[in-house]
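Heads up: the structure comes next, in structure tokens.
Derivation of every value follows stated rules applied to the coordinates shown; laboratory data play no part. The model shown is predicted, which means the values in this text are computed figures rather than measured ones. All Cβ positions, glycine included, derive from the backbone under ideal geometry; neighbour counts span all protein chains shown.
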Amino acid sequence: MAARGVYDGRMVHVTNGEAAAAPLRDAGLPGEVIVWADVLHDGPVLDGLADAEWRALRAEFLACAGHAPSPSEALATLEAWDAALSRAGDHDELVLWFEHDSGRAQR
């Protein structure tokens, strides 16, 4: 049993970018902080693809659109994000962190 006010469960915090993740880590919150930040509103998001196929498609797009230095680096990042997110179920609590995006919607 934990002392009063001390969280003793396994917690994971998921952010949509490193700008949000870094302050959470610095604050010393309990649990793991992970990033999953694919810009799904931009580029192809197709149904019916195997995970590896989908990540390869996204990686190629992200690199071509300037969101990553190269397809191989984008793919490595997507794989790392997915692997971290797949472990979220091993925790007792999942906390999602989102911030307001100030960009304008395109028509």
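Every helix of 4 or more DSSP H residues in the chain counts as -39500 (n - 2.57), and over all residues that averages to -12000 deg cm²/dmol at 222 nm. Between 92, 82, 38, the Gaussian network model of the chain with springs among Cα atoms under 10 angstrom shows the greatest mean-square fluctuation at 92. Axis of helix 51-64 versus longest Cα principal axis of the chain: the two differ by about 70°, to the nearest ten degrees. Note on the stretch 5-67: Cα Rg divided by 2.2 N^0.38 Å, N the number of residues, gives 1.49. Axis angle, to the nearest 10 degrees, between helix 18-27 and the longest C-alpha principal axis of the chain: 10 degrees.
What is the fewest-to-most order of 61, 98 by other Cβ atoms lying within 10 Å of their Cβ?
Numbers: 61 19, 98 10.
Ascending Cβ contact count within 10 Å gives the list 98, 61.
Matching the structure-derived volume of the Cα convex hull per residue in Å³ against the labelled list [x] 132; [y] 106; [z] 92 gives the label [x].
Multiplying the residue separation of residue 18 and residue 76 by 0.36 nm and subtracting their alpha-carbon distance yields 19.3 nm. Both radii were evaluated on the Cα set of the stretch 46-98; the Rg over Rh quotient, with Rh as the Kirkwood radius, amounts to 1.06. Structure remark: mean-square fluctuation, Gaussian network model of the chain, C-alpha springs under 10 Å; the largest value among 87, 55, 25 belongs to 87.
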